[in-house]
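Worksheet: one structure, shown below.
No value in this document is a laboratory result; all are computed from the given coordinates. Model, not experiment: these values are computed from the prediction. Glycine gets a Cβ as well: all are built from the backbone with ideal geometry, and neighbour counts include every protein chain shown.
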Amino acid sequence: MKEELTEEEKEAMDSLNYEETRGELEQVVSALQTGGLTLEESVHAWEKGEYLAKRAEKMLEGVKEKIEKVQKEQQAAGQAAGTQLNLGGNRQS
C-alpha cells in the first residue's frame, strides 16, 4: 500500500516555491474532488495534500515573520529619527 509519502516525494515538494506548492495542492484537491481514484490513491493524495498545505502554511508564516520584523525595524528607526529631530529642534543658538 502506498499511503505514506516517500522521502523522495517529500524532498521534491520541499524544493518547490510557494506558487509551485500551491499549484500542486490545487492539483491534488482537484484529483480528490473529481474522483476516480482508488482508496489507496485517495489516501496517498490526501497525505500529499496535507504535506503541501502544511508546507505552504509554514512558508506564509515565514513571510509574515519577516514582514513583522521589517515593520518593527522601520518603526524603531522612525522613532529614533523622530527623537533625533526633536533633540535637534530644541537646540537654540
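In a fully extended conformation the segment linking LYS64 and SER15 would gain 15.6 nm over its present Cα-Cα distance, using 0.36 nm per residue. Protection proxy ranking of 65-72, 40-47, by the mean of other Cβ atoms within 10 Å over each peptide's residues and highest first, is 40-47, 65-72. So what's the net charge close to LYS66: Lys and Arg +1, Asp and Glu -1, counting the other residues with Cβ under 14 Å from its Cβ? So the environment of LYS66 carries a net charge of 0.
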